[in-house]
Amino acid sequence: GEKFLVKRKNGQSCNVYALRASIGTADSNKLENGVVRVFRGEKFLVERRIFGVYEKFNSNSGWSAGNGLLPDFFSHWSYVHSGRKLLLCDLQGHKGRPGGPKYGSEEYYYLFTDTAVLSEGQCYGCTDLGPEGMKDWFAHHVCNDMCKKANIEGIRAAPLRYPPALPQLCRGVADIIWPRKPQPR
């Protein structure tokens, strides 16, 4: 997964981890109650298991559960940090607390899974609602103290003035948030 460091109000840091799913291939038919549900050779998406209490923090339409300042700030920050090209949202997973499961040795953290990516080119699947989705997300987003402290309060999605060139927008945009490591030759 990817790791982001966020400073909390009290000066302590809180790590945010965004887990990536991986694609697998079935090595045999998988049955459920005698019915083949996954066929040999079929591709499937696998997410890592999250221990602890599962929570939904926000959605890709701008809804917020209001159960943490950091997730809503993180979505807003991802938009600003990507140069207004991406917005990570639909945040769900686990918020680390004292007495709960640790992530490594950490007690305070957020662990997000199944994150939606909204992009200018609308190239990240069916949950990528594109520029209109970004505008909708910001129409519902209420900046919190973390947004204000980071001076991103006034930075919001604006209507596009021209139609985007989709292949150019989709190529390499994820590298802004999740840089790829060079592959050895």
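The values are calculated or read from the model by the stated rules, or taken from the named source; none is laboratory data. Keep in mind the model is a prediction, meaning the values are calculated, not measured. Here Cβ is always computed from backbone atoms with ideal geometry, including for glycine, and neighbour counts include all displayed protein chains. Heads up: the accessible areas ignore ligands, DNA and RNA and are worked out on the full protein's heavy atoms, side chains in. Shrake-Rupley method; radii C 1.70, N 1.55, O 1.52, S 1.80 Å.
Sites listed here are chymotrypsin sites (Phe, Trp or Tyr not before Pro) in the range 37-110 whose DSSP assignment is loop and whose Cβ has at most 13 other Cβ atoms within 10 Å: PHE39, PHE51, TYR54.
Report the full-extension gain for the segment ALA139 to ALA26: residue separation times 0.36 nm, less the Cα-Cα distance, to one decimal in nm. Numbers along the way, then the final one.
Numbers: separation 113, 0.36 × 113 = 40.68 nm, distance 4.20 nm.
Between ALA139 and ALA26, full extension yields 36.5 nm more.
The length gained by stretching the chain between HIS81 and CYS123 to full extension, at 0.36 nm per residue less their Cα-Cα distance, is 13.3 nm.
Overall, the range 43-165 carries a charge dipole of about 160 debye about its Cα centre when +1 sits on the Cβ of Lys and Arg and -1 on the Cβ of Asp and Glu, all other atoms neutral.
Simple point charges give the picture: +1 on the Cβ of Lys and Arg, -1 on the Cβ of Asp and Glu, and for the range 15-106 a dipole about the Cα centre of about 120 debye.
Work out, step by step, the length gained on full extension between ASN33 and ARG48: first 0.36 nm times the residue separation, then minus their alpha carbon distance; give nm to one decimal.
Values: separation 15, 0.36 × 15 = 5.40 nm, distance 2.48 nm.
Extra length from ASN33 to ARG48 when fully extended: 2.9 nm.
Among the protein heavy atoms of the range 1-159, carbon and sulfur supply 51% of the accessible surface, probe 1.4 Å, non-protein parts ignored. In the structure shown, the pairs LYS3/LYS95; LYS95/LYS149; LYS102/LYS148; LYS85/LYS148 are assessed against 23 Å; a Cα-Cα span above that value is assigned to LYS102/LYS148. Suppose all protein chains stay in the model; what accessible area per residue would a 1.4 Å probe give for the range 80-151, in Å²? Dividing the accessible area of the range 80-151 by its residue count gives 46 Å².
Of the trypsin sites (Lys or Arg not before Pro) found in the range 70-117, those in coil by DSSP whose Cβ has at most 16 other Cβ atoms within 10 Å are ARG84, LYS102.
Mean separation of Cα pairs under 8 Å and 6+ residues apart, divided by the residue count of the range 1-157: what relative contact order is that in percent?
Working: 295 pairs, mean separation 33.4, N = 157.
Relative contact order for the range 1-157 comes out at 21 percent.
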